[in-house]
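The structure under discussion appears below in the form of structure tokens.
The values are calculated or read from the model by the stated rules, or taken from the named source; none is laboratory data. These numbers were taken from a predicted model, which means no experiment stands behind them. Every residue, glycine among them, receives a Cβ derived from its backbone with ideal geometry; neighbour counts consider all protein chains shown. When the accessible area is computed, the model is the full protein with side chains, heavy atoms only, and any ligands, DNA or RNA have been set aside. Shrake-Rupley method; radii C 1.70, N 1.55, O 1.52, S 1.80 Å.
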Amino acid sequence: MGERADVVELAKRRGFFFAAAEAYGGAAGFYTFGPEGAALKRNVESAWRDRFALKEDNEEIAAPTIMPEPVFEASGHLDTFDDMLVECAECGESHRADHLVEGATALEDAEALEPAEIATILEEHEIDCPDCGAALAGQEVEEFNLMFQTSIGPGSGQPGYLRPETAQGIFVEFPRLKEYARGKLPFGVTQIGPAYRNEISPRRGLIRVRELTQAELEQFIDPEDDEPPLETVADVALRLYAVPDQEESAPAAEGYREVTVREAVDEEVVASDWIAYYLGVAQEWYERIGLDTEKLRFRQHLPGERAHYASDCWDAEAKVESAGGDWIEIAGISSRGDYDLSKHADGSGENFTVFKQYDEPQSVLEPTVDPDMSVLGPEFGGDAGAVAEALEDLAAHDPDAFEQEVVTVTVDGERYDVDTDIANFEVVEKTEAGVHITPHVIEPSFGVDRTVYALIDHGLERDELGGETRDYLSLAAEMAPTDVAVFPLVSNHEPLLESAAEVVSTLRAAGFDATRDDSGSIGRRYRRQDEVGTPFCVTVDRDGLEDDPETITLRDRDTGAQARIPTGELVGQLEALRDGEADFEALLSRYETVETADE
RNA sequence: GCGGAUGUGGUCCAGUGGUAGGACAGUAGCUUCCCAAGCUACCGGCCCGGGUUCAAUUCCCGGCAUCCGCACCA
């Protein structure tokens, strides 16, 4: 199923998500997760945290959502989030003004220019509309910054921005995080939280929004030495949609081919072992949370599509029927190289490297000079310092030059002759314990909201039960907002009400998220739970109260089948079902089943 | 941002220049021993602002929001 209208209607009516602040007319691109949706989202985040932080031995942090301007100057977002558009007066098409300028001139970084300068260039170079050929001269160049700006502190304050990705909060704290990791690679830091993008045109409900929740891992590695534990996911099957497949004139109908992680690496479909590893981890994780993996593929970014920082990137894409059957991006696994840490090192002047120790300290012969400044000073005056530096440079690059009696260096085009004795050239033996390296970053970045949306879309099913059509949400038990619902079979019999209340207390004490419902007919109550994906319903009936020991019936959401089990075994059975140690089929064969109208 | 369509109880819709109705959902009661049953009652609405008019939910203008297409999506 999964018509868009169905998903949106269910989401609103049952409290999964809805447009925020509708009482005041709302604002496009902002959504509130209702009780069911918030619980589902929380479960997605918990499962992600378990897999990408806990199981990978990574640490989670919580950085501010607002950072001062220099952070985003360094990260490149201030420039690259700034699109300049120019609209053709004739045909009305909008074009990236900076791209037009770059295409028509020798300029390579037109993005860095001011809109007014771009407008001037459009005019001077007589650039025309690529679509209709009309002159663009005189058209206004509009600027869109996709970051939300704010000011920090009173008055004009200091400009700040809401983070457009959670990643920067990790990168800027790298100097401390590396200390926490005791300076040893590889290590990873995760963060789950909101990011903000002032989209020009939010669309398609939850799929394109202005505030989104990201779950990101920044895996810091030594690109030369660190290898992922590839063998743990080597046999995981992936559906890869690589660049060559996308470029073929007639790509496969499904738009992917299935290979294992091992094959992807061996056949060099995926260049980086680390990316391959996380593709495998992601695939397993999606299976775990109940995404329909028949509707999951990994698509490699085309070269022109990649972000300013990425050298390779694979998106996880889910086919979402309620979005018109489109493949939508739900995660990106990219290789960011040392881009971010280098940029923040430059921007801040701080140390964003780690010290990489050699296995054995290495002795190196290092040519050095120690010029006698008491001679150079009087001889060269103000140039003496520069001459000394030039000598050091020469020693490093061309030690043979010191074999002559006089060495010659050039400073600002002027030659200086120095007696070799004065330079005090010497080759000394030094011990090096290691080198400072800037780690590379592998970034699995997940869109939590879109994942939630895909789970609902994939989970929404319609079948027939008891002669009636019914809608149910086939969520993985771990994701379901409610673990189990408990009903008295009829609500006009006091002992049943009491017994149901007791069962709920017992389940809650055992750690289950249990709910009770005694309003309306039993069928109606089953349907309510079916719609919000509650995997199991427990019903207390008179027959059960008369049994010795007492029994209740346990109902499976997807089939409606019921087993009558002793009340005392309920917690244990639910735990077994939850932990995957039992399935409902086994219960049905082990216990008495309950006839339903369907059978 | 451009173009088109739309905006009526919680949800899905009908309708009108004289302030509105249905279905479903919800609540209360009756009934009810297994899948949205029935009966009774109740709750609850014309997106916002301006204009035209004696009177606007209806017509006009603007805004906001939603959907579709285009553009954008680092």
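Among the residues of region A:500-554, write down those that are among the polar types (S, T, N, Q) and touching a residue at least 60 places away in the same chain (Cβ under 8 Å).
Taking region A:500-554 and keeping what is among the polar types (S, T, N, Q), we get A:505-506, A:515, A:519, A:521, A:529, A:534, A:539, A:551, A:553.
Within region A:500-554, A:T506 is the sole residue that qualifies.
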Open item on the list: Against the conditions (1) under 31 Å from the mean Cα position of the chain (by Cα); (2) at pLDDT below 95, where does A:E426 fall short? Just the number, please.
Closed with: (1)
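Given the structure, is A:P371 crowded, with 18+ Cβ neighbours inside 10 Å and not assigned by TED's automatic domain parsing to the domain that holds A:D292?
Values: crowded, with 18+ Cβ neighbours inside 10 Å: yes; not assigned by TED's automatic domain parsing to the domain that holds A:D292: yes.
Answer is yes for this residue.
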TODO: Give the residues of region A:38-47 that are open to solvent by less than 30 Å² (accessible area, probe 1.4 Å) and out of contact with any Leu (no Cβ under 9 Å at 6 or more places or on another chain), sorted by residue number.
DONE: A:A39, A:A47
Open item on the list: On the basis of being away from RNA strand B (no atom under 12 Å from the Cβ), free of Cβ contacts under 8 Å to residues at least 40 places away in the same chain and not in a helix (DSSP H, G or I), does A:G568 make the cut?
Closed with: no
Task: Counted residues, region A:368-404 - those being out of contact with any Ser or Thr (no Cβ under 9 Å at 6 or more places or on another chain) and within 30 Å of A:G183 (Cβ to Cβ) - done: 1
TODO: Give A:F17, A:F52 a once-over and let me know the one that is within 13 Å of RNA strand B (Cβ to nearest atom), open to solvent by less than 50 Å² (accessible area, probe 1.4 Å) and out of contact with any Cys (no Cβ under 8 Å at 6 or more places or on another chain).
DONE: A:F17
Open item on the list: Given the options A:S491, A:S505, name the one that is within 11 Å of RNA strand B (Cβ to nearest atom), out of contact with any Pro (no Cβ under 8 Å at 6 or more places or on another chain) and over 23 Å from A:L455 (Cβ atoms).
Closed with: A:S491
Open item on the list: Just to be sure I understand, how many residues within region A:523-540 are open to solvent by 10 Å² or more (accessible area, probe 1.4 Å), within 7 Å of RNA strand B (Cβ to nearest atom) and more than 19 Å from A:Y453 (Cα to Cα)?
Closed with: 5
Task: Positions within region A:224-242 being in contact with a helix residue (DSSP H, G or I) (Cβ under 9 Å, 6 or more places away or on another chain), part of a strand (DSSP E or B) and crowded, with 18+ Cβ neighbours inside 10 Å, in sequence order - done: A:L238, A:R239, A:L240
- [ ] Check whether at least one residue in region A:567-589 is surrounded by 15 or more Cβ atoms within 10 Å (Cβ to Cβ), modelled with pLDDT under 95 and more than 42 Å from the chain's Cα centre (by Cα), and report yes or no.
- [x] no
TODO: Just one of (1) part of a loop (DSSP other than H, G, I, E, B); (2) modelled with pLDDT of 95 or more trips up A:G133, so point out which.
DONE: (2)
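Can you tell me which residues in region A:186-209 are more than 9 Å from RNA strand B (Cβ to nearest atom) and either within 15 Å of A:G332 (Cα to Cα) or modelled with pLDDT of 90 or more (or both)?
Narrowing region A:186-209 to residues more than 9 Å from RNA strand B (Cβ to nearest atom): A:186-194, A:196, A:198.
Residues satisfying the conditions are A:P186, A:F187, A:G188, A:V189, A:T190, A:Q191, A:I192, A:G193, A:P194, A:Y196.
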TODO: Scan region A:473-483 and give yes if some residue there is within 11 Å of RNA strand B (Cβ to nearest atom) and open to solvent by less than 60 Å² (accessible area, probe 1.4 Å), otherwise no.
DONE: yes
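Quick check on region A:213-223. Is at least one of its residues open to solvent by 60 Å² or more (accessible area, probe 1.4 Å) and either in a strand (DSSP E or B) or among the basic types (K, R) (or both)?
So in region A:213-223, the residues open to solvent by 60 Å² or more (accessible area, probe 1.4 Å) come out as A:223.
If we keep only those that are either in a strand (DSSP E or B) or among the basic types (K, R) (or both) too, we end up with none.
No, that holds for no residue.
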TODO: Being small (G, A, S) and more than 12 Å from RNA strand B (Cβ to nearest atom) is the filter; apply it to region A:433-472 and report the residue that is farthest from A:I333 (Cα to Cα).
DONE: A:A433
Task: Condition met for A:A318 (modelled with pLDDT under 95, of a type in the set (G, A, S), under 16 Å from the mean Cα position of the chain (by Cα) and away from RNA strand B (no atom under 13 Å from the Cβ)) - done: yes
- [ ] Only residues that are surrounded by 12 or more Cβ atoms within 10 Å (Cβ to Cβ) and modelled with pLDDT under 85: list them for region A:244-259, please.
- [x] A:D245, A:Q246, A:P251, A:E254, A:G255, A:Y256
Open item on the list: I'm told A:A23 meets every condition in (1) within 16 Å of RNA strand B (Cβ to nearest atom); (2) assigned by TED's automatic domain parsing to the domain that holds A:Q283; (3) touching a residue at least 60 places away in the same chain (Cβ under 8 Å) except one. Can you identify the failing condition by its number?
Closed with: (3)
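Mind checking which residues of region A:188-204 are within 23 Å of A:N43 (Cβ to Cβ) and open to solvent by 10 Å² or more (accessible area, probe 1.4 Å)?
Step one: filter region A:188-204 for residues within 23 Å of A:N43 (Cβ to Cβ), giving A:188-195.
Those that are within 23 Å of A:N43 (Cβ to Cβ) and open to solvent by 10 Å² or more (accessible area, probe 1.4 Å): A:I192, A:P194.
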Task: In region A:541-563, residue nearest to A:V504 (Cα to Cα) [restricted to those that are more than 9 Å from RNA strand B (Cβ to nearest atom) and open to solvent by 20 Å² or more (accessible area, probe 1.4 Å)] - done: A:E550
